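Notes follow the structure.
The values are calculated or read from the model by the stated rules, or taken from the named source; none is laboratory data. The shown structure was predicted, so the numbers you read here are calculated from the model rather than taken from an experiment. A quick note on method: Cβ atoms are made from the backbone with ideal geometry, for glycine too, and the neighbour counts reach across all protein chains shown. Please note that ligands, DNA and RNA were not included when accessible areas were found on the heavy atoms of the full protein model with its side chains. Shrake-Rupley method; radii C 1.70, N 1.55, O 1.52, S 1.80 Å.
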Amino acid sequence: MPSHLNISVVLPEDSTWNEVETKFLIDGRDVIEPEFDTGPCLEPDMLLGPDGPLLPTDHPREVMLAEAECTWGCCGAVCVRVRRDGDQVVWDRWHNPDDDDFSSAEVRFDSEQYEAELARAHAERSWEWPGRTVARLLRTRLRAEPTALGRWNSSLGRTGSSIRTPNRVEMTFTSPPRDVVRDNLRTHGDFPQEYTQFRMRFPVRKEPAERQAERIVAKLRTTDPRKKAKVCGGWFA
């Protein structure tokens, strides 16, 4: 019998990491927190939506569900393969790149219930504050236009807004791009000679959130963000 998926959003005051987290209950049981204690589950806007990585496609794909507080490349993450099998969606090949002993059992969901739950959780926005709205729209724009950061040999990490500073947006990005780092780990079992994680912050203004997100993206198209961003992690040879 297929398992039942339930998704909820945990706000910072209820999170061990003071973060907005996406919680996954499979048949009523949290499948991540008891097994991974170095960082939060990813934010809902990194996992949900019409183009979200949890939606099954014609080909299986690996999805990160939780990441270490520093960075996945430092202290690990929880990853799972998502694939379609007939009228079911399968989560299997669970792993943590920092823990060879990490594993979890294959889970199968009824595809109709699974996809309806993803859509429901994505549409529920009653918890969102102004900075979160701008951060969500910024993330959507940068995912649709990866060259905005790609031209600077970089790729997007996270965008978000703390409930303690609801009128500020924070963005992290990595140089070289995360895919380059992952490929190097898979191919050579090690990090590139050097990679850096950066952080930038933007104020939220009294104007439509869509306009604010577009203004930030326009700036990234023309100005190398690495010159003004703060280093917040990485690997240096």
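Below are the figures for this structure:
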| quantity | calculated |
| --- | --- |
| Qualifying residues in the range 151-165 (those that are open to solvent by less than 40 Å² (accessible area, probe 1.4 Å) and of a type outside the set (Ser, Thr, Tyr)) - the one nearest to the chain's Cα centre (by Cα) | GLY157 |
| Check on THR174, under 16 Å from the mean Cα position of the chain (by Cα), farther than 18 Å from ALA209 by Cα, surrounded by 19 or more Cβ atoms within 10 Å (Cβ to Cβ) and of a type in the set (Ser, Thr, Tyr) | yes |
| Candidates ARG61, ARG81 - the one that is touching a strand residue (DSSP E or B) at 6+ places or on another chain (Cβ under 9 Å), surrounded by fewer than 15 Cβ atoms within 10 Å (Cβ to Cβ) and over 22 Å from TRP17 (Cα atoms) | ARG61 |
| Residue match in the range 81-92 (condition: among the small types (Gly, Ala, Ser) and in contact with a Pro (Cβ under 8 Å, 6 or more places away or on another chain)) | no |
| Scan of the range 102-150 for residues that are open to solvent by less than 60 Å² (accessible area, probe 1.4 Å) and among the polar types (S, T, N, Q), ordered by number | SER104, SER111, GLN113, THR133 |
| Any pair with Cβ under 9 angstrom, 6 or more apart, that starts in the range 205-230 at a residue that is more than 14 Å from ARG168 (Cα to Cα) and in contact (Cβ under 8 Å) with a residue 24 or more places away in the chain and ends at one that is surrounded by fewer than 11 Cβ atoms within 10 Å (Cβ to Cβ) and hydroxyl-bearing (Ser, Thr, Tyr) | ARG221/THR147 |
| The one condition in (1) at pLDDT 90 or above; (2) closer than 29 Å to ARG215 by Cβ that THR71 fails to fulfil | (1) |
| Sole exception among (1) at pLDDT below 95; (2) surrounded by fewer than 21 Cβ atoms within 10 Å (Cβ to Cβ); (3) over 13 Å from the mean Cα position of the chain (by Cα) for GLU19, by number | (3) |
| Filter result (crowded, with 19+ Cβ neighbours inside 10 Å and assigned to a helix (DSSP H, G or I)) within the range 193-215 | ALA209, GLN212, ALA213 |
| Sole exception among (1) crowded, with 21+ Cβ neighbours inside 10 Å; (2) more than 14 Å from the chain's Cα centre (by Cα); (3) modelled with pLDDT of 90 or more for VAL31, by number | (3) |
